[in-house]
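Chemist: Got a structure here, written out as structure tokens. Questions coming.
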Amino acid sequence: MCLICDRIEMIKNGTNPYFVRELKTGYVVIGDNQHFYGYTLFLYKDHRYTELFQMDMEERITFMKEMSIVAEAASRAFEPEKMNYELLGMGDAHLHWHLYPRRTGDIGNYGNNGKGPVWWYPMEKMYSDECRPSTEDLISMKNKLGEELDRLIGGKA
Ligand SMILES: [Zn+2]
């Protein structure tokens, strides 16, 4: 089992507090750490593939389309200046999109004079317990994102 598979198991048995919506190709969850307010992930439904190009074209297009809808919903819900999209897989190869709402100054003076990707912000700060959402904040974020997703997809995948 990988971490993403574990989290999906928790969604299936109703014990994942970060879960927002199930779409056709994956699950929408709020990120555990919220240094980048509104950080959202879109987890592919199973561990069958480790690369986008392993999917047949129809599945690939559906997965990409749904990811872009989740990003749009996150943008409407959390009102950043810009969305960032990342599909990496060096921690867990299970396909999962990191969707980061970005704002000027959100990496402090790190990076290129405060500009650049989220990974130029120190990992120990980004993943610190101080950046964990309170239960109240998490519920509010899930509601906001869920409402925008429902508006964009009409309440169904
Ligand atoms: Zn997995």
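The values are calculated or read from the model by the stated rules, or taken from the named source; none is laboratory data. Keep in mind the model is a prediction, meaning the values are calculated, not measured. When we count neighbours, we look across all protein chains shown, and the Cβ atoms used for this are built from the backbone with ideal geometry, even at glycine.
Chemist: Using beta carbons and a limit of 9 Å, which pairs, at least six apart or on different chains, have the first residue in segment 106-119 and in contact (Cβ under 8 Å) with a residue 24 or more places away in the chain and the second one in a loop (DSSP other than H, G, I, E, B) and of a type in the set (Val, Ile, Thr)?
Modeler: Correct list of pairs: PRO117/ILE107; VAL118/ILE107.
Chemist: Here's a check for you: in segment 92-119, which residue that is away from the ligand (no atom under 16 Å from the Cβ), among the hydrophobic types (A, V, I, L, M, F, W, C) and surrounded by 17 or more Cβ atoms within 10 Å (Cβ to Cβ) is nearest to the chain's Cα centre (by Cα)?
Modeler: Among them, the one singled out is LEU99.
Chemist: Quick check: is even one residue across segment 85-107 of a type in the set (Asp, Glu), touching a Gly at 6+ places or on another chain (Cβ under 9 Å), on the phi > 0 side of the Ramachandran plot and part of a loop (DSSP other than H, G, I, E, B)?
Modeler: No, because not a single residue in segment 85-107 is of a type in the set (Asp, Glu), touching a Gly at 6+ places or on another chain (Cβ under 9 Å), on the phi > 0 side of the Ramachandran plot and part of a loop (DSSP other than H, G, I, E, B).
Chemist: Follow-up. State which residue pairs qualify: first residue at pLDDT below 95 and inside segment 137-154, second residue surrounded by 13 or more Cβ atoms within 10 Å (Cβ to Cβ) and part of a helix (DSSP H, G or I) in any location, beta carbons under 8 Å apart, and separation of 6 or more residues or different chains.
Modeler: What qualifies is ILE153/ILE69.
Chemist: Further question: Among residues belonging to segment 1-42 that are charged (D, E, K, R) and farther than 28 Å from GLU81 by Cβ, point out the one that is surrounded by the most Cβ atoms within 10 Å (Cβ to Cβ).
Modeler: Only one residue fits best here, namely ARG7.
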